[in-house]
Amino acid sequence: MGQNGRVVVTRVAARAVPDRSRLLVGAGVLAAGLTLSAVYATTGVGVPCPFLALTGWSCPLCGGTRMGSALLHGDLSAAFAFNPLALIGVAVLTVLTALWGVAAAGGPAIRPPRVLADWAGRVGATRWLVIGLVMATAFAVLRNLR
């Protein structure tokens, strides 16, 4: 109670509970990609792209299985040549999943600087989705023009 007999409300720093669903989704996506890449690396059997079959154009994910196979063989330059966008995405997802795993295991929750987090939060999830779709579309168009 405060000096005047009233209850005083104060903010208490509470440890944020890590969102385990992000960890599960990230780990699931990485595990699926690893499985597809391992199957392709050992058997030569990949997943056919329906977009490529219908249009003759490579989609933003085309080359992803070959990229994963190249990574399994340790050939980073070949992986980049097959699909640079997917390689960057896999790198980012791997780092994020590792950080979420550390936080979920009770370790420190590593967060971006406050200024960056505030800016990213103001952009909003829908805008991030639109930005990602525009980038993927631009990548697909540019890779098919060469």
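The values are calculated or read from the model by the stated rules, or taken from the named source; none is laboratory data. Everything numeric in this text was worked out from a predicted model, so none of it was measured. Note that each Cβ is placed from the backbone with ideal geometry, even for glycine, and that neighbours are counted across all protein chains shown.
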* First in segment 31-50 and without any contact (Cβ under 8 Å) to a residue 12 or more places away in the chain, second anywhere and β-branched (V, I, T) and in a helix (DSSP H, G or I), Cβ under 7 Å, 6 or more apart -> V45/V39
* In this structure, is T97 closer than 30 Å to R20 by Cβ and in contact with a Lys or Arg (Cβ under 9 Å, 6 or more places away or on another chain)? -> yes
* G56 versus (1) farther than 20 Å from A136 by Cβ; (2) at pLDDT below 95: which is the lone unmet condition? -> (1)
* Determine, yes or no, whether A78 is modelled with pLDDT of 95 or more and part of a helix (DSSP H, G or I). => yes
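For residues in segment 44-98 being of a type in the set (S, T, Y) and farther than 15 Å from V29 by Cα, which is surrounded by the fewest Cβ atoms within 10 Å (Cβ to Cβ)? Give the derivation first.
First, pick out the residues of segment 44-98 that are of a type in the set (S, T, Y): 55, 58, 65, 69, 77, 94, 97.
Right, trim to farther than 15 Å from V29 by Cα and you get 55, 58, 69, 77.
Working: T55: 11, S58: 16, S69: 22, S77: 8.
Only one residue tops the list, namely S77.
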* Any chance you could count how many residues in segment 89-120 are among the aliphatic types (A, V, I, L, M), in the same structural domain as C62 (by TED's automatic domain parsing), without any contact (Cβ under 8 Å) to a residue 24 or more places away in the chain and assigned to a helix (DSSP H, G or I)? => 6
* To do: All but one of (1) touching a Gly at 6+ places or on another chain (Cβ under 6 Å); (2) modelled with pLDDT of 85 or more hold for V8, so report the exception by its number.
  => (2)
